[in-house]
Amino acid sequence: MSRLVAVIGVAALVFLLVPACDDVKADDGLDADLTVDGAQFYRGAPPAANGGPDVASVTLQTTVVHVGTTGKPVSCTLSPNASAAGFALQGDVGYWIVPSGAAAVETPGSPVVKTQLSFSRSMALGTRPLLVFAVDAAGKVGAANETNLIVTDPYAPKGRLIVSLSWDTEADLDLHVVDAAGVEIYKGNLNSYAKPPPGTPVDPSAAKNGGILDFDSNAACVIDGRRAEHVTYASAPPPGHYTVRVDTFSLCAAPSANWRVSASLDGKSLGVSQGESLDADEQTAHDRGAGVLALEFDVP
């Protein structure tokens, strides 16, 4: 099958699938937990099985998924009469349709779909079923193959006070936290701990108890996949008023970046805010005191 015929075929196939639900519209799926390369996104629950072709196998390198992971390879072998494969995470806002490719040498007559999966930085942790289903040229849908993915966050912060910044594009945003003592923690001052004057005894563990920035994500547009920064206090933070700002160092060619800031003390929320970084935000200074006000809170 030529590439052109495959594209036309999947377009006709999707036309058959979508009209059954008037509220299912094609869009970019920017708010979905799952993104599939080379696929078309459709909002709503995946179509129910109605006697269509089967998924013979689904191959993943591992079922462990880190939040924010991009380009995770997946290969699916379909029944001979399948024209496309559908992908969805259970409970997500929509599903993805990918046209099938040529049969593999080891599975003659059975079309294969090879693509890559990417996962949102903000998706919930825990077990999340990945549903893969096959569809034929008449729009018939087969029973879904279900694989349980284990969603983890290797960069999850730990501490008594946790201030977090996350965003949704490959931009370089920076978290700034000014603590109750007036010390600003950001990429130019990673730790609120200040060395005592010369001649004063030094507590070797004191530096571990300050407010510490864990990582400068996407620094200078070197993309690391995290899209998140945290300032944490392992022990009791200084009581008083705290201010949080978000500095847009660079959008790294993205049109914008939607960000979220949160703060919690001993697991209890102290506040949450959201905002958007635009081109104008890149033009400001990027040192101490930089950024837009995102959140203020008090530590008792």
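Coordinate-derived values only; no laboratory data. Not measured: the values here are computed from a predicted model. Heads up, the Cβs are rebuilt from the backbone with ideal geometry, glycines too, and the neighbour counts pull from every protein chain shown.
Couple of notes before you dig in:
- Among the candidates Arg226, Arg245, the residue that is under 26 Å from Phe119 (Cβ atoms), buried (at least 18 other Cβ atoms within 10 Å of the Cβ) and within 24 Å of the chain's Cα centre (by Cα) is uniquely Arg226.
- Per-region count, region 119-161, residues more than 23 Å from Glu229 (Cβ to Cβ) and hydrophobic (A, V, I, L, M, F, W, C): 13
- For region 94-114, the condition of being crowded, with 20+ Cβ neighbours inside 10 Å, in contact with a helix residue (DSSP H, G or I) (Cβ under 7 Å, 6 or more places away or on another chain) and polar (S, T, N, Q) holds for none of the residues.
- When residues of region 116-161 are limited to those that are farther than 12 Å from Ala88 by Cα and of a type in the set (Lys, Arg), the one surrounded by the fewest Cβ atoms within 10 Å (Cβ to Cβ): Lys158
- Picking from residues in region 261-290 that are touching a residue at least 60 places away in the same chain (Cβ under 8 Å) and under 23 Å from the mean Cα position of the chain (by Cα), the one that is farthest from Asp168 (Cα to Cα) is Ser264.
- Some residue of region 253-260 being aliphatic (A, V, I, L, M) and farther than 24 Å from Thr35 by Cβ: no
- Hey, Ala88 crowded, with 22+ Cβ neighbours inside 10 Å and more than 28 Å from Ala257 (Cβ to Cβ) or not: no
- Verdict on Leu213 being surrounded by 17 or more Cβ atoms within 10 Å (Cβ to Cβ) and closer than 16 Å to Val163 by Cα: yes
- The residues of region 167-216 that are of a type in the set (Val, Ile, Thr) and under 19 Å from Thr232 (Cα atoms), listed by number, are Val177, Val178, Val183, Ile185, Ile212.
Results for (1) within 21 Å of Lys114 (Cβ to Cβ); (2) touching a residue at least 60 places away in the same chain (Cβ under 8 Å); (3) surrounded by 17 or more Cβ atoms within 10 Å (Cβ to Cβ), shown as yes or no for each residue.
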{"residue": "Val36", "(1), (2), (3)": "yes, yes, yes"}
{"residue": "Ala49", "(1), (2), (3)": "no, yes, no"}
{"residue": "Val67", "(1), (2), (3)": "no, yes, yes"}
{"residue": "Ser83", "(1), (2), (3)": "yes, yes, yes"}
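- All told, Asp298 falls short of being assigned to a loop (DSSP other than H, G, I, E, B), acidic (Asp, Glu) and farther than 27 Å from Thr69 by Cα.
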